[in-house]
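Comments concern the structure below.
Nothing in this text is a laboratory measurement; each read-out follows from the coordinates by a stated rule. The model shown is predicted, which means the values in this text are computed figures rather than measured ones. Ideal geometry is used to build each Cβ from the backbone, glycine not excepted, and the neighbour counts take in all protein chains shown.
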Amino acid sequence: MTKPSIPRSIPELMNNVDAIAGLTLGEIATQFDFAIPKNLLKEKGWSGQLIEYALGASAGSKPVPDFEHLGIELKTLPIGYNGKPLETTYVTVVPLTDVTGLRWEESVVKHKLNHVLWLPILAQRDIPPMDRTIGCGFLWRPNQHEEALLRRDWEEQMELIALGKVNDVSGHLGEVMQIRPKAANSKALTDAIGPDGKIIKTLPRGFYLKTQFTTTILANQFSI
DNA sequence: TTGTGATCATTA
DNA sequence: TAATGATCACAA
């Protein structure tokens, strides 16, 4: 029954990351008195919130990095028996208004992905949440090539939104990062720029990293 | 209502 | 079977 403390430095954080590698989510949950769901049909964010707590992340739903003072964003990465990501990775909400003149350099996506702590979790769906095993977490920053890919996808899709073509954007676009719905349900609405430049209502969207991209990140980290 | 944490489940 | 679109819980 320990109470996690906020890591004050990156080495301290990585120490904690190494300490939980190899443990199951059930073991972590027990240690911190987290209720363990039998499945994630509800509580889809359970794994992420558990790990956040265990590592002493600032928590909350603020649009800032999980470890604000360290400038590090924590992302769990569900992987299958083949070691590859099972899901795309949510990055952030897509701004749909006031986007004229918005540049990549000042985008939330660039800032969020500037420094990421990836934490792979063996999370094949036939494994109950409590038996899922935590892997070796590692820090990552996009290299030149990766940033160029992200930037291109961001610019391509944000231009459509700026031009009022939000409804032409779908998950098919983007080589490494796509835009998909991100809402409570398909009836949720938010403001966006319409074809005639006026405000329209549309489904809230989010940026997601495609699995092919996160697969490459994992490969670069572990293949050598 | 929006943003955080994501996974579910139907479609292609 | 991979990918897209839909959905769940919670905090502020």
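Okay, here's what the table says:
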{"item": "Chain A: relative contact order in percent, alpha carbon pairs under 8 Å with at least 6 residues between", "result": "21"}
{"item": "Under the Karplus curve 6.51 cos²θ - 1.76 cosθ + 1.60, θ = phi - 60°, whole-Hz ³J(HN,Hα) for region A:158-171, x wherever Gly or Pro sits", "result": "5, 5, 4, 5, 5, 8, x, 9, 4, 7, 8, 7, 9, x"}
{"item": "Paramagnetic reach from A:Asp191 in region A:64-99 [backbone N under 13 Å; point 7 Å along Cα→Cβ]", "result": "A:96-99"}
{"item": "Förster radius 35 Å - calculated FRET efficiency between A:Glu155 and A:Met14 (Cβ-Cβ, nearest 0.05)", "result": "0.60"}
{"item": "Under the Karplus curve 6.51 cos²θ - 1.76 cosθ + 1.60, θ = phi - 60°, whole-Hz ³J(HN,Hα) for region A:127-143, x wherever Gly or Pro sits", "result": "9, x, x, 5, 9, 6, 9, 7, x, 7, x, 8, 7, 9, 10, x, 7"}
{"item": "Cα-centre dipole for region A:10-222 with unit charges at Cβ (Lys and Arg positive, Asp and Glu negative), debye to 20", "result": "600"}
{"item": "Computed [θ] at 222 nm, deg cm²/dmol, chain A (DSSP H ≥ 4; -39,500 (n - 2.57); rounded to nearest 500)", "result": "-8500 deg cm²/dmol"}
{"item": "Qualifying trypsin sites (Lys or Arg not before Pro) in region A:101-173, DSSP loop, other Cβ atoms within 10 Å at most 11", "result": "A:Arg103, A:Arg125"}
{"item": "Pairwise centroid distance, computed over Cα atoms, of region A:186-208 with region A:107-179, Å", "result": "21"}
{"item": "In Hz, Karplus ³J(HN,Hα) per residue of region A:98-105 (6.51, -1.76, 1.60; θ = phi - 60°; x = Gly, Pro)", "result": "6, 9, 5, x, 5, 10, 3, 4"}
{"item": "Inter-label distance, nm, simple model (7 Å from Cα along the C-beta direction), A:His69/A:Arg125", "result": "4.1"}
